[in-house]
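Peer 1: Before we start, here is the structure in question, set down as structure tokens.
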Number of protein chains: 2
Amino acid sequence: MKYRSSTEGKEIVKKDYRKKIIFSPEDFDETGHLLQVVTIPPATRQRLHSHRVQTEVFYILEGEATITINDVDYLARPGDAFICTPGDVHNLWNKTKEDFRLVVFKINLPEEGEDSHWHE
Amino acid sequence: MKYRSSTEGKEIVKKDYRKKIIFSPEDFDETGHLLQVVTIPPATRQRLHSHRVQTEVFYILEGEATITINDVDYLARPGDAFICTPGDVHNLWNKTKEDFRLVVFKINLPEEGEDSHWHE
């Protein structure tokens with residue numbers, strides 16, 4: 001059993017998103033999992049990228065953004081969900097004035113090495 | 001790649017909770033996963049139970065409830081998260097007048113057979 005209060009942990013600020021890791025791989029008995037909350041700030045577009053090995057499950061918490069997966073655009077709103085399998089080229093583009101937040105659950109996250117491939 | 005709009009799917013009403021399955025095991029390339037949103041209605045207590053094989057990851061979306069895991073009570077609020085590993089005896093008790101909602105991600109869900117053990 002593991003418990004994390006929403007008040008624990010610290011946001012990691014990147015150029016085009018922020019993330020807070022809730023459960024790291026070592027919190028799971030099974031290998032390759034991670035749970036994090038990602039925030040895309042207002043008027044922010046992530047670069048298109050894909051993952052070589054990991055699968056990402058997205059569940060939208062708050063706000064509105066365009067998610068592009070393999071050249072198809074989806075308007076992502078709270079309660080919407082997506083699975084990005086390895087090789088799916090995707091990004092998030094928050095065109096609004098409010099934060100866009102989602103919870104990301106990873107499957108098959110490699111223990112070592114860079115798993116992201118940037119397409120731009 | 002898979003996409004589910006929040007408007008898709010139907011809630012399954014059980015005696016002490018409601019659930020909407022967002023992604024079923026067959027939506028994943030990997031075995032044993034499932035994503036669902038669970039709602040505990042106001043003034044509702046689930047019976048204590050555990051799972052033999054599956055691990056459950058909870059991320060709280062809305063409301064407030066007491067989650068008991070192995071005889072320890074936690075006040076669960078939006079953004080809090082929990083991992084229940086096999087054998088962890090747990091339940092949710094919504095003592096408020098509002099719905100309590102959480103997203104549940106399952107790991108190692110068996111393909112067949114009942115994986116829940118009821119302790120009361």
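Peer 1: Tell me, which residue of the range A:23-35 that is part of a strand (DSSP E or B) and in contact (Cβ under 8 Å) with a residue 60 or more places away in the chain is nearest to the other protein chains (Cβ to nearest Cβ)?
Peer 2: Among those residues, the one meeting the criterion is A:Leu35.
Peer 1: Looking only at the range B:77-92, count how many residues are at the interface with another protein chain (Cβ under 9 Å from one of its Cβ atoms), within 13 Å of the chain's Cα centre (by Cα) and either assigned to a strand (DSSP E or B) or not polar (S, T, N, Q) (or both).
Peer 2: Total satisfying the criteria: 5.
Peer 1: Follow-up. B:Tyr3: of a type in the set (Phe, Trp, Tyr), at pLDDT 95 or above, closer than 30 Å to A:Thr7 by Cβ and surrounded by 15 or more Cβ atoms within 10 Å (Cβ to Cβ), yes or no?
Peer 2: no
Peer 1: Among the listed residues B:Thr66, B:Thr96, B:Thr55, B:Thr44, identify the single one that is among the hydroxyl-bearing types (Ser, Thr, Tyr) and within 19 Å of A:His33 (Cα to Cα).
Peer 2: B:Thr55
Peer 1: Going by the conditions given, is A:Asp71 more than 8 Å from chain B (Cβ to nearest Cβ), out of contact with any Phe, Trp or Tyr (no Cβ under 9 Å at 6 or more places or on another chain) and closer than 14 Å to A:Tyr17 by Cβ?
Peer 2: It is false that A:Asp71 is more than 8 Å from chain B (Cβ to nearest Cβ), out of contact with any Phe, Trp or Tyr (no Cβ under 9 Å at 6 or more places or on another chain) and closer than 14 Å to A:Tyr17 by Cβ.
Peer 1: Residue under question is A:Leu48, and the condition is that it be surrounded by fewer than 21 Cβ atoms within 10 Å (Cβ to Cβ) and touching a helix residue (DSSP H, G or I) at 6+ places or on another chain (Cβ under 9 Å); does it hold?
Peer 2: For A:Leu48, the condition - surrounded by fewer than 21 Cβ atoms within 10 Å (Cβ to Cβ) and touching a helix residue (DSSP H, G or I) at 6+ places or on another chain (Cβ under 9 Å) - is not met.
Peer 1: Working only within the range B:93-120, note down all residues that are among the aliphatic types (A, V, I, L, M) and buried (at least 20 other Cβ atoms within 10 Å of the Cβ).
Peer 2: Passing the criteria: B:Leu102, B:Val103, B:Ile107.
Peer 1: Would a scan of the range A:36-47 turn up a residue that is touching a residue at least 12 places away in the same chain (Cβ under 8 Å), touching a Cys at 6+ places or on another chain (Cβ under 9 Å) and within 11 Å of chain B (Cβ to nearest Cβ)?
Peer 2: no
The values are calculated or read from the model by the stated rules, or taken from the named source; none is laboratory data. All values derive from a computational prediction rather than experimental measurement. Quick reminder, even Gly has a Cβ in these numbers, built from the backbone with ideal geometry, and neighbours come from all protein chains shown.
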